[in-house]
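Here is the structure we will look at, set down as C-alpha cells.
Throughout, read-outs are computed from the coordinates displayed, never taken from laboratory work. Here the structure is a predicted model, which is why all the values come from computation and not from measurement. Quick reminder, even Gly has a Cβ in these numbers, built from the backbone with ideal geometry, and neighbours come from all protein chains shown.
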Amino acid sequence: MRQAAKIFSLILGVLIISGYAFAEYGLNFPAPATDIGQEIYDVHMFTMIVSTILLLIIFTIIIYSLFKFRKSKGYEADQNFHKSWFGTWSWVMVPAMVLGVDFYIAGEAQGVLDKFWNAPKQNCAREGANKDHCFDMNVKTIGHQWWWEYEFPEQGVNFNGKFYPIKVESRALDKDQTSEELYLRDVDNQLVLPVDTTIRFLNTSVDVLHAWWVPELGFKRDSIPGYIMETWATIEKEGTYRGQCAELCGTWHAKMPIVVKAVSKADFEQWIEGEKAKLLAKLQEANSNKDWTKDELMTKGEQVYNTMCAGCHQVSGLGLGAAFPALKNSPVAMGPAAEHINMVLNGKNTMPAWKQLSDIDLAAVITYERNAWGNSASVVKPADIKAAR
Amino acid sequence: MSTTTMNATHSHDDHGPLKGWRRWLYSTNHKDIGTMYLIFALIMLFLGGASAMAIRAELMYPGLQLLDPDLYNNIVTNHALVMIFGAVMPAAAGLANWMIPLMIGAPDMALPRMNNLSFWILPAAALMLILSFVVPFFPGGGSQINTGWTLYPPLSLKVGMSMDFLIFTIHLLGVSSVLASINIIVTIFNMRAPGMTVWKMPMFVWAWLVTAFLLILIVPVLAGGVTMLLFDRHFGTSFFDAAGGGDPVLFQHLFWFFGHPEVYVLLLPSIGVLSQVIPAFSRKPLFGWNSMIGAMIFLASLGMVVWAHHQYTIGMSSAAVNYFMIGTILISIPVGLMKFNFIATMWRGSMTFETPMLFAISIVIMFVFGGLTGVMLAIVPADMQYHDSMFVVAHFHYVLLPGAVMALFAGVLYWLPKWTGNMYNEKLGKWFFWTSLIGFNGTFFVQHFLGLAGMPRRIVDYSIQFAEFNFISSISAFVYGLSHLIFLYLVITTIKGIGTTKAKPRSWEGAQGLEWEVESPAPFHTWEKAPKIDKEGHYVK
Amino acid sequence: MSSAQNNYFIPEPSKWPIIAMLSILLLLLGSALSFNDVSVGNYMIVFGFALLAYMFHGWFSEVIGESLSGKYGEQEDNSFRQGMFWFIASEFFFFLCFFGSLYYLREIAVGWLSGEGYLAATQEFLYPAFEGAAAAWPTAGPELVGGAFESMGPTGVPLINTALLLTSGVTLTIAHHALKKENNSGLVLWMWATIALGLTFVGFQAYEYIHAYGELNLTLGTGVYGSTFYILTGFHGFHVVMGSIMLIVIALRSAKRHFTPKHHFAFEAVAWYWHFVDVVWLGLFIFVYWL
Ligand code: HEA
Ligand code: HEA
Ligand code: CUA
Ligand SMILES: [Cu+2]
C-alpha cells in the first residue's frame, strides 16, 4: 500500500509541475477587453478558488484517513461512530455549511448577472434615453452555415466574414496550414468595432443554431433562427480579438472563426466610409448595363466561388466525401444552364439557396463552375439570372 | 453451511435453466437476465470506447486526420448515446436485476416475463442505433447525424433518414427503461422478505428505487420531445419553427427536462454501489443512513427542476436564469451530504484496499472535483464563457466516469465472486485501477485548460494554440482505453476460473447483506423460501 | 407492506417477450423506412402489426390461462396492480410533455415573436406586423404557415365528446359494481355500453378532423396551433382507440365469466386506463378547446 501512496503523490506532483510548465499556453481565460468581461473573469476566479479550497480540505481528510484508519496498521473500526452526536447531527450541520457557501457564491454571481443580463433598449442619441443604460450603435450578427454575416443597420453596411485562407482542399493540404499561427482563426473580412462605444449586438441566424463567441468580449449567445437575441459590450482596449462559433451547426462548425478588430472611434468612421464606398461601387456595377465578357466573369467567378462555395465543393471542385458533390464533370455544371441556375438560386437539401447574391455574382460563379477545372459549358450572363429569379 | 442446505433441500429438477440458446432468449430468471444486461453493457462500452478512441485520434493533432467532419460529429453523437444508453444504464440495470432480488430476499423480479422484454428491447435498440450510424454510407441513405447527442433542431431537421432511425432508437430505449423501472419498483414494494422493511433495505436497493421513479417521470418526456421532432420532420408541423410560431428552444427544454435528471439516473445506482462497497471495506456500517436516503430523494426532486442550466445562452429572462442558477447550486447540498457520508464511513474504519475500495476512494475525490466544476458551470455569468467549450466536456467526463462508470466497475468487481464463484485476480485488478486512474486524469484534466483558453467542443479541427494539451489528452486516452483490456481479461479469467481462488459465500470479510448468505456462485434459484430477518435487519439462520 | 412469500409464481421461460421485441422492431424500422419512401417499410409495418397481434393474443392467452388455473395469489395480483399504476404514471408524463409544450409555445414563444418578454427585439426586427390581434392565440405564427384557418371552438362536437367520455366513466363504474355483486349480465351490458360510448367518441373525433381539414383549413401544418391541436387530440384519440380495444377484450372475457368479485385485475387495469384517458380529455377540453 505504501507503494500506492507513492504513485499517488507522484501523480499529484506531475500535475502541479505540468501546471507550471504549460503556463505559457493559456491555462485560463484570455485577458478580458470589456469591463463586464473583467467581472466575469473575477467571478470565475472566485468560484474556482472556493472550489479548490473545498477540494483540498476533502483531499486532506481522505488522505489522512487512508493512512490512519487502515487494517494493516491494526486499527479497529469504531462500530458506533455513526451513533455519536456527530453522526446524529451531521445531516443538519453539513447541509447548513454547504448552504452557506452556496449562497455566498450565488450572491457574487447575481451581482455580476444583474449588471449585464438585460441589454440596453434605447439609443443614447434618442431624446430622453436612460443615459446609464443605452447603446450607441447596433450590430447585427447573422449566423450562416458556415460563416458570419454582419450588418450595421444605422450605417447601412453589410458584409460577410468568412473563414480564411481558403486552401481547404484535401486533408493533406489542410495539414500544411496547421503550422500557421492563425490556422482556423482568420477571416477574410474582419468585424471592425469602435472602442468606448456601447454596442448592442443583435444575434440571429438564417439556418440552424450558431453561437457568437469572442472570449475577450465576455459573452457567448446563441443565434437562433427566427429569433433575435440582444447582448451588449463596451470594448475598452484596442486590439484584435478572435473567437469562433460555439454551437454545433453541422459539417464546418469548426470553421466559423470570428475576428473583431477594436479601433479608435475615428478609425472606425474611416473604415465604415470605406465599406459604404465598396457597397456603392457594387451597386453601380449591378445597375450598369455592362456586357460582361467570359473572362471577366471567370475572374470574378473564381473569387466568389472561393469565398462562397469552396467551403463545401472545395477549391479543386472535387467536392468532399459523399456529402458534397464534385462540380468538376458534374452533370449539373456541364448540363443545361437553366438547371444549374435553379440549383444555385434555390438550393437543394444541404445545398443552400444563394438568392442573396447579386445577379452579377451569380452569373460569374455559375460561369466559373461551368468552365473551370476542365469543365466546358455555356456562359451565363447576369440577364439570365434576372430572368430566372 | 445453512444456506447450502437450504438451497439443497429444494429440488430444482422441475425448473432449472433451459439448455442452449433458449435459456437466454426465453429467460424469466433474474440472474440470467442480469448477466445478459451486463454483457450487453460491456460490449457497448467497448463500442462507445472505440468511438472515443476515434475522437481522440482525430483530435490528437490539428488538421483533419482521419475523419470527415460529418463522420466526426456522427461518431461523437454515437459515442455519447452508446455510452449513456448502451453502457451505463444497462450495466446499472444488470446490477439491479442480479442484486435486488438477492438483497431483499425475493425469489425473482416481480414481473419476470416483462423483465426479459425490457432487456431484449435493448439489442433491438442497439441495432437501430447502429443502423442510424451506417445508413448514410449506403446509396440513398441521406446525410449523417451531425447534431451531437442533444439532437437540437433545426440541425436535426436537416439530417437524412438516419435521424428517423435514431428517433425510434430513443423510443425503444425509453420503453425498455420504463418497463425495467416499473419492474424494479414493483419488486421492491411487493417482493421483500418478511421483516425486510423499507428502512432495512440495503442502500443499493434504495438508490435504485429512487432512480426508477426518476426514470418513469422523465423518459416519457424525452419520448414526447423526439416524437415532436419526428412530426416536424415528416408531417409539416411547426413546433420548432419560428415562422409558424414555434421555437427551436422548446426542444432544448424538453430534452434537458429529461437530460438533467438523466445524469442523476446515471449517478444514483453508483451511489448505491459505493454505499455497499465503502462500508464493506471499512468494516463498519454506512454513516448517515437516513440522511443518505433523504439526500437521494432530495437530489432526485431538485434535479427535476433545474434543467435549463444547460441553456443559459439561449435567452431567458433574468428571473429565469437566477432561478435555475440557484436551484443548480443547491444540488451541492444533497451530493455534498452523500460524499460526506462516504468519507465519514471511512473515518475510524478499519480499511483494506482491495480494488473495489481503491476505486471507491478515488471516485469520491474525482467526483467531488467534477461536481465542483459543475458548480462553476452553474454560475450564469461564468457559464457565458464555459458553455459549449471543452471545459464542459471535462466536467461531465469527471462526473460520468467516476460517478457512473468506475463505480459500476467497483460494483462488478465487488460482486463478481458472488456471480462466478471465483475471486478475481487482485493483482490484475490493481493494474487495472492504476492504469485507468492515470489514463483517465491525463485525458480529461487538461481539457479544463483547453476550454478556458477558448476551445469549443464538438469541433473536428482546432487551431494550433490548442495542440499541446490535445496531444496529452489523446495519448492518455489511449492508455485509458488499453486499461479496459485488462478489465476484460480479468473478467474472462474470473468466469473461466483461470488463476483464481474459489470464493466463499461471504466473499469479503466486511461484506454485509443477504446476498452474502447464499453460496458463491449464487444458485439458479435463490430465496424460494423467504429468508428470516430479525429486528436489526440481520439474517436469521 | 412486506408479505408472506411462499411460492410466488415465477413463469416458465417464455417466447413472447422475444416476439414482442421483434414485432416492435419491425414496426419502428418499417416506419423509419416508409417515412423516407422506402417501400419495404410498408411491408415491414404490416408484418409487424400482424406479429404484434399474434404476440398479444399469445401472451395474454397464456396469462389468462395462468390466471384461470389459479396460479395468481394476492401477491401476484398486487404486482400487476402496482405495475399498471406506474405504467399509467409514465403515460401521464408523456402527455404532460405535450401540455407543457402547448403552454411554452402559446405563452412564451408566441409572446417573444409578438414583442413581449426577454426576446422582444425579435418582433421589432423580424416581424414588425406580428402584434396585437394578428398575434393572438390561435395563431399560425408570424408567417402564417399553412395559411388562414379557423380554430376549433369548445362548443359543439368537443362538448358532446366530453359528455360521452364522462358518461362512459360512469357506465364503467356501474359495470364494476355489477362485477362485485356477481351480476354478470349487468356487467356485460354496461361494458358494452361503455364501449359504445367510446367508439362514438372516436367517430365524432374523426368527423371533427374531417371538418377541420375540409372546412376550417386547420391541418397539422397550420403553424403551432394546428401542430399542438393535432398532437394532443391525436395522441389522446389513439389512447381512446387502444382503450376501446382493451374494453372489448374485457367485455368478451366478462361474458366468459373470467372474473370473480375478488379476482379481476385485468378488469381494473383497463378501468384505470380508461379513467386516465378520461382525465386527459378533460385537460384537453380545457386547455386546447376552451381557453
Ligand atoms: C453523472 C453525470 C453528471 C453529474 C452527477 C453532474 C452533476 C452536476 N452538473 Fe453536470 N453535466 C453532465 C453530467 C453530470 N453532471 C453532462 C453529461 C453534461 C453535458 C451535457 C451536454 O451538454 O452534452 C453536464 C453539463 C452541466 C452543465 C451545463 C454546462 C454547459 O453546457 O454550459 C452544468 C451547469 O450548470 C452542470 C452542472 C452540474 C452540477 C451543479 C452538478 C452537481 O450535481 C454537482 C454536485 C456535486 C458537488 C458540488 C461536489 C460535492 C459537494 C461538496 C463537496 C459540498 C461542498 C460544495 C459546495 C459548497 C459547492 N453540468
Ligand atoms: C457515460 C458516458 C461516457 C463515457 C464513459 C465516455 C468515455 C469517454 N469519452 Fe466521452 N462523451 C460523453 C459521454 C461519455 N464519454 C458524452 C455525453 C459526450 C458529449 C457528446 C456530444 O457532444 O454530443 C462525450 C464527448 C466526448 C468528447 C468530446 C467530443 C467533442 O466535443 O468534440 C471526447 C473527447 O475527448 C470524449 C472522450 C471520451 C474518452 C476518451 C472516453 C473514455 O473514457 C473511453 C474509454 C473506454 C474505452 C477506450 C473502451 C475500451 C477499450 C477498447 C475499445 C480497446 C481498444 C483500445 C485502444 C484502441 C486504445 N467524449
Ligand atoms: Cu456555426 Cu457552429
Ligand atoms: Cu444538468
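Simple rule: put +1 on each Lys or Arg Cβ and -1 on each Asp or Glu Cβ in chain C, find the dipole, and look at C:44, C:158, C:210; the Cα lying farthest toward the positive end is C:44. Centroid-to-centroid, using Cα positions, the stretch C:98-120 and the stretch B:432-493 are 42 Å apart.
The relative contact order of chain A, computed from alpha carbon pairs under 8 Å that lie at least 6 residues apart in sequence, is 13 percent. Computed on the stretch C:8-61, with alpha-carbon pairs under 8 angstrom and 6+ residues apart, the relative contact order is 37 percent.
The charge dipole of the stretch A:289-388, taken about the Cα centre with unit charges on the Cβ atoms of Lys, Arg (+1) and Asp, Glu (-1), comes to about 140 debye, rounded to the nearest 20. Comparing A:97, A:334, A:308 in a Gaussian network model of chain A where C-alpha atoms under 10 Å apart are linked, the largest mean-square fluctuation is found at A:97. Taking every residue in C:16-28 and counting other chain Cβ atoms within 10 Å of its Cβ, the average works out to 6. Which entries in the list A:294/A:381; A:237/A:265; A:140/A:255 go over 18 Å, if you measure between the two C-alpha atoms of each? Flagged as over cut-off: A:140/A:255. When shorter helices are ignored and each DSSP H run of at least 4 residues is given -39500 (n - 2.57), the per-residue value for the protein assembly as shown at 222 nm works out to -19500 deg cm²/dmol. Straight Cα distances below 26 angstrom link residue B:430 to the lysines A:6, A:68, A:71, A:73, B:284, B:339, B:418, B:496, B:502, B:504, with same-chain residues fewer than 8 positions distant left out. Output the 0 to 90 degree angle, nearest 10, between the alpha-carbon long axis of helix B:162-190 and the longest principal axis computed from the alpha carbons of chain B. The two axes meet at around 30 degrees.
Give the cross-link partners of residue B:532 among the aspartates and glutamates, using a straight C-alpha distance below 14 Å as the criterion and excluding same-chain residues fewer than 8 apart. Straight-line reach from residue B:532, under 14 Å: B:515, B:517.
Picking from A:150, A:183, A:241, which is most flexible by a Gaussian network model of chain A using Cα springs under 10 Å? Residue with maximal mean-square fluctuation among A:150, A:183, A:241: A:183.
Look at B:406, B:114 and count the other Cβ atoms within 10 Å of each Cβ; fewest to most, that gives B:114, B:406.
If R0 equals 51 Å, the separation of the Cβ atoms of residue C:245 and residue B:318 corresponds to a calculated FRET efficiency of about 0.50. Quick one: which residues, 5+ away or cross-chain, put their amide H under 5 Å from the amide H of residue B:109? H built at 1.01 Å from N. Result for residue B:109 returns B:30.
The chymotrypsin sites (Phe, Trp or Tyr not before Pro) found in the stretch B:403-474 include none that occupy coil by DSSP while having at most 12 further C-beta atoms within 10 Å.
Within chain C, the selection of entire DSSP H helices by a Cα span of 15 Å or greater along the long axis and an average Kyte-Doolittle value of at least 1.6 returns C:16-35. Taking the C-alpha atoms only, the angle from helix B:332-346 to the longest principal axis of chain B is near 40 degrees.
Taking the fewest neighbouring Cβ atoms within 10 Å as the starting point, the ordered list for B:282, B:156 is B:156, B:282.
Across the options B:47, C:102, A:138, the greatest Cα extent toward the positive end of the charge dipole of the protein assembly as shown (unit charges at beta carbon of Lys, Arg, Asp, Glu) belongs to B:47.
Put in line by how crowded their Cβ is, counting other Cβ atoms within 10 Å and starting with the fewest, A:230, C:131 read C:131, A:230.
Taking Cα atoms only, the orientation of helix B:289-303 departs from the longest principal axis of chain B by about 30 degrees. For the options C:49, C:99, C:204, a Gaussian network treatment of chain C with springs between C-alpha atoms closer than 10 Å singles out C:49 as fluctuating the most. Note on residue C:181 and residue B:471: their simple-model spin labels are 8.8 nm apart, each label 7 Å out from Cα toward Cβ. On full extension, the segment bounded by residue B:502 and residue B:199 gains 105.7 nm, given 0.36 nm per residue less the C-alpha separation.
Summing charges over all other residues whose Cβ lies under 15 Å from the Cβ of residue A:294, with Lys and Arg as +1 and Asp and Glu as -1, gives -2.
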